[in-house]
Each structure stands twice: as C-alpha cells, then as structure tokens.
Amino acid sequence: MTFFNDVEKVQYEGPRSTNPYAFKYYNPEEIVAGKTMAEHLRFSIAYWHTFVGDGSDPFGVGTMQRPWDQYSGMDLAKARVEAAFEFFEKLNVPYFCFHDVDVAPEGETLADTYKNLDEIVLMIKDYMKTSKTKLLWNTANMFTHPRWIHGAATSPNADVYAYAAAKVKKGLEIGKELGAENYVFWGGREGYETLLNTNMKLELDNLARFFHMAVDYAKEIGFDAQFLIEPKPKEPTKHQYDFDVATGIAFLKTYGLDEHFKFNIEANHATLAGHTFEHELHLARIHDMLGSVDANQGDTLLGWDTDEFPTDLYTTTLAMYEILKNGGLGKGGLNFDAKVRRGSFEANDLFHAHIAGMDSFAIGLKVANQLLEDRVLEDVIDNRYKSYQSGIGQKIANNDTNLKELEAYALSLGEIKHSSGQQERIKATLNQYLLRVNEY
Ligand code: XLS
Ligand code: NI
Ligand code: NI
C-alpha cells in the first residue's frame, strides 16, 4: 500500500526551480570538497515526529492528517513502516532514527512489548533489504509511559531502573539486528524537579553504572555502534542531568565513560541551554566528541523545545563549518528531529518541511566550505592569536615558562597594544559569502 500518492521522487532541479517537490540546493551527487553532498550531510528522518506525531499541544488535540491513521494497534505500526519506507525512497534520504515505542506499541507486559517489537523489527529488516535507507540510530523511550514518572536510570525506584535496563538491553539487540550506526541516550526524565526530595549523588552514580552496563552489553553482543549522549538542559524535568556538552563531558570523564561516548547535539537543546548551536558543536569538536546532530531549530521568542525544521541559513552555515572542521560526522548524521507546525497538517507538508531542511543544510555546506577554502575565519583567528607563535607567547603555549619569568616580562612592557576584534566586518563578510551561494 502507498500513502504519498501525489508526490513522485524528489529530485534536484536547481535554485531557479519553482517545483515545490524538488530540491533547489541539495544535489546528492554534487561533489563538495572531495565528497558528495549526500556523504557530507548524511540526512536522517526522525520516525517519531514524521510518522507518529499528531500535532497535539498542551492546549489542543492532534491536527495531523495522516493516511495511515485509518489503522490502529499493530496494523497502524505496520502501515507506518510502509509509509516510512515510501517516504524515505521518495525523498532519497539515506538514514532514519526511531525510539522503540515509535515503531511498535507497548503491550500489557514487558514480554508483550518485546513481542510487538520483534514483529515490527522483522518487518523493518525486510524493508531494509531492498531499501537504500539505513538506521542512523535507535533508542529506548523512557519518558512517555507513567512508569517513568520519577525518571528511568535515575529513578528512586530500583524496579524502574531494572525495567529501563531491560528496555536498553532490547534496544541494543535491535540496533545490532538492524545495523544501527549509533545508539542514542537522551535523558528523557533523567533529572530532578526539586532537591528537597532528591539524592543527586545516588542518581548520578546510578546513571553512570547504567551507561557502563550498556557499554559492556554492546561489547558482549558485538554491537559496535557509536554511543551518543544527547544533552538538553530542561524539559521535561526542571533540571536535566545531561544539561549541555560541558556538563556531559564532566560527567563522562568523572565516571570513566568518555572513551565510549560522543555527543548527539540538537540545535534547539543548545539554545535552550543558553548557547548557540555552533557553541555546542564546537565544544564537542575540540574534545573529539562530536558524534551526530539532531538538526532542527528553536524560536528565540519561545522558551521551550519547538523542534522546528531548520531554515536559518546563518545557523546551518556555522553548523556545517563546525562539521567540516571536524572532518565530517563519521558515523553520525543530520537527523531531522523536527516537526511540522500544528497548522501544517497535510501529509505533503512533510515533504515541504524536509526539503526546506535539506536545502538549508546544503546551502550551509556550500557556504561553509567556501569560507574554509578561502580561510576567511581561519586567517582572522590565526592573526588574532599570533602573539602565541613567537617570543613569550610561544613559551606559554609550549608550557615553557613560569610566573617569575612572566612577571619579569610584564615589568619590562611599555603600553600594551590591542587589535580590533572586527566582529562587524567579519559578519558582513559572512553575509557576502551567503549571498554568493549560487556561485559556488
Ligand atoms: C527530545 C529529544 C528526543 C531525542 C531522542 O527533546 O530531542 O527526541 O532526540 O530521544
Ligand atoms: Ni533530539
Ligand atoms: Ni528536541
């Protein structure tokens, strides 16, 4: 059965195309800096938003018109798999991601849930035999069902902890079965509401133990996916333990987990934490921990996770700049953890939204690559720090000095000379590069 009957395969038609079902900038085969755009961008579709999300919000019920909603239970789960692979193929997207509960409904008991999952995973595996779309990552949803009310691996209740462990064990097995390239841990309700009733130390220790057990089990079953932590500062809990990349690095290093994990960085989570998206990418990159990306955007006027499709070219450019500087995303990808607005309820809006996101990142890739080729920011930065390349600066950078020597040097100084940081000039240049994208 097919579900998206109005739309044929989405093709690249170039910047002047007026076809709403064509890429204007994303040309999968086009070579940029020695790799195809498809290889650079490694786009992925988020199953939960695109095939499950119904558009409900705290004030109103769902609005989405989805042709598969005529079904329910396991039939619905199967219809979604069919719809998903049709959509992947028509959009020519190489990856997808899912939570366990996105693909199969939970049963009465954990064993029933496993049964449902096994059936659907088999079906997905079958589709994957002929599809070009692969699994970027899977994960376990440990935040929706009421059992997670006080958290999962940070729950005060050890029974819940065990249940969470079972879900992750199963998730790792599914990941292996479907050849997932990564496995994600987003700390859904791993945080706290009030310290008045919270043993933070025990919760953090338990979380670390949980991750160690997951690492061990993946090794035991020969599942060699990259493990990823997805930071988020708040929502649903008031304080999430994986607040941001810096907090994540401290946690991973404290508990000896840093060699096993990288980060899955979501744009909207970065801004919720009071950072730019590029800040989080940059910080992960300089620690060699940039693993994958949840490509979306927030709204500066709203203080929650709006998960919009990315269309801000300034941001996609600076994000791609970090990704290129990282030497690419490795096993990671650009996963559209993004949902169409409640008012964009037609099934075809799913195409428009993904096309917008893919074109926005394609533009970002081209502009970022040109910036790098012309060493626009590299030269600015090299020049700004050149005092560390010779003389006393070089000694500092080589760990080859001490306070006494630095004091003697300081005493000998006349007036210290500064150079302008030239932010405005740099931003104007960035605009020039963006506006010239059709020339690259
Ligand atoms: C929620 C998160 C979630 C993760 C996967 O805010 O972004 O969707 O990406 O559990
Ligand atoms: Ni996410
Ligand atoms: Ni989000």
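For this structure, a couple of remarks:
- Across the chain, the relative contact order, built from alpha-carbon pairs under 8 Å that are at least six residues apart, equals 15 percent.
- Accessible solvent surface per residue of the chain, calculated while the other protein chains remain in place, 1.4 angstrom probe, Å²: 48 Å²
- Modelled FRET efficiency - R0 35 Å, A356 with D224, Cβ distances, 0.05 increments: 0.55
- Distance between modelled label sites at A162 and V215, nm, 7 Å Cα→Cβ extension: 2.6 nm
- Region 257-325: GluC sites (Glu not before Pro) falling in loop per DSSP and having at most 12 other Cβ within 10 Å: E259
- Rounded, prolate or oblate (a/c below 1.5 giving rounded, otherwise prolate when a/b exceeds b/c) for the chain by Cα gyration tensor: oblate
- Tensor-based shape of region 71-217 (alpha-carbon gyration tensor, a/c under 1.5 rounded, otherwise prolate or oblate): prolate
- Scattering profile of region 216-312 at q = 0.10, 0.11, 0.19, 0.20 Å⁻¹ [log10 I(q)/I(0), Debye over alpha-carbon scatterers]: -0.28, -0.33, -0.88, -0.95
- Region 69-169: GluC sites (Glu not before Pro) in DSSP coil with no more than 12 other Cβ atoms inside 10 Å: E108
- Principal-axis tilt of helix 200-221 within the chain, Cα atoms, nearest 10 degrees: 70 degrees
- Seen through its C-alpha gyration tensor, with square-root eigenvalues sorted a ≥ b ≥ c, region 2-52 comes out oblate because a/c lies at 1.5 or above while a/b is not bigger than b/c.
- H145 paired with V7, simple spin-label distance in nm, labels 7 Å along Cα-to-beta-carbon: 3.2 nm
- Local net charge near A347, Cβ-Cβ under 9 Å (Lys/Arg +1, Asp/Glu -1): -2
- Loop-located chymotrypsin sites (Phe, Trp or Tyr not before Pro) in region 1-105 (DSSP state not H, G, I, E or B) with no more than 12 neighbouring Cβ atoms inside 10 Å: F59.
- Note on E378 and A33: their simple-model spin labels are 0.9 nm apart, each label 7 Å out from Cα toward Cβ.
- Within the accessible area of the chain (1.4 Å probe), percent carbon and sulfur: 52 percent
- Peptides 291-302, 143-154 ranked from most to least packed give 291-302, 143-154, packing being the mean of other C-beta atoms within 10 angstrom over each peptide's residues.
- 17 Å tail of the calculated P(r), region 183-243, as % of Cα pairs: 45 percent
- Relative counts (whole %) of C-alpha pair distances in region 136-235, using bins that are 5 Å wide: 3, 13, 24, 25, 18, 10, 5, 2, 0
- Highest mobility in the GNM of the chain, judged by mean-square fluctuation with C-alpha springs under 10 Å and restricted to K35, K24, K169, is found for K35.
- Share of Cα-Cα pairs in region 1-129 lying beyond 23 Å, as whole percent: 44 percent
The values are calculated or read from the model by the stated rules, or taken from the named source; none is laboratory data. It should be emphasised that the depicted structure is a prediction, and the values quoted were computed from it without experimental measurement. Ideal geometry is used to build each Cβ from the backbone, glycine not excepted, and the neighbour counts take in all protein chains shown. We work out accessible area using only protein heavy atoms, side chains counted, and drop any ligands, DNA or RNA first. Shrake-Rupley method; radii C 1.70, N 1.55, O 1.52, S 1.80 Å.
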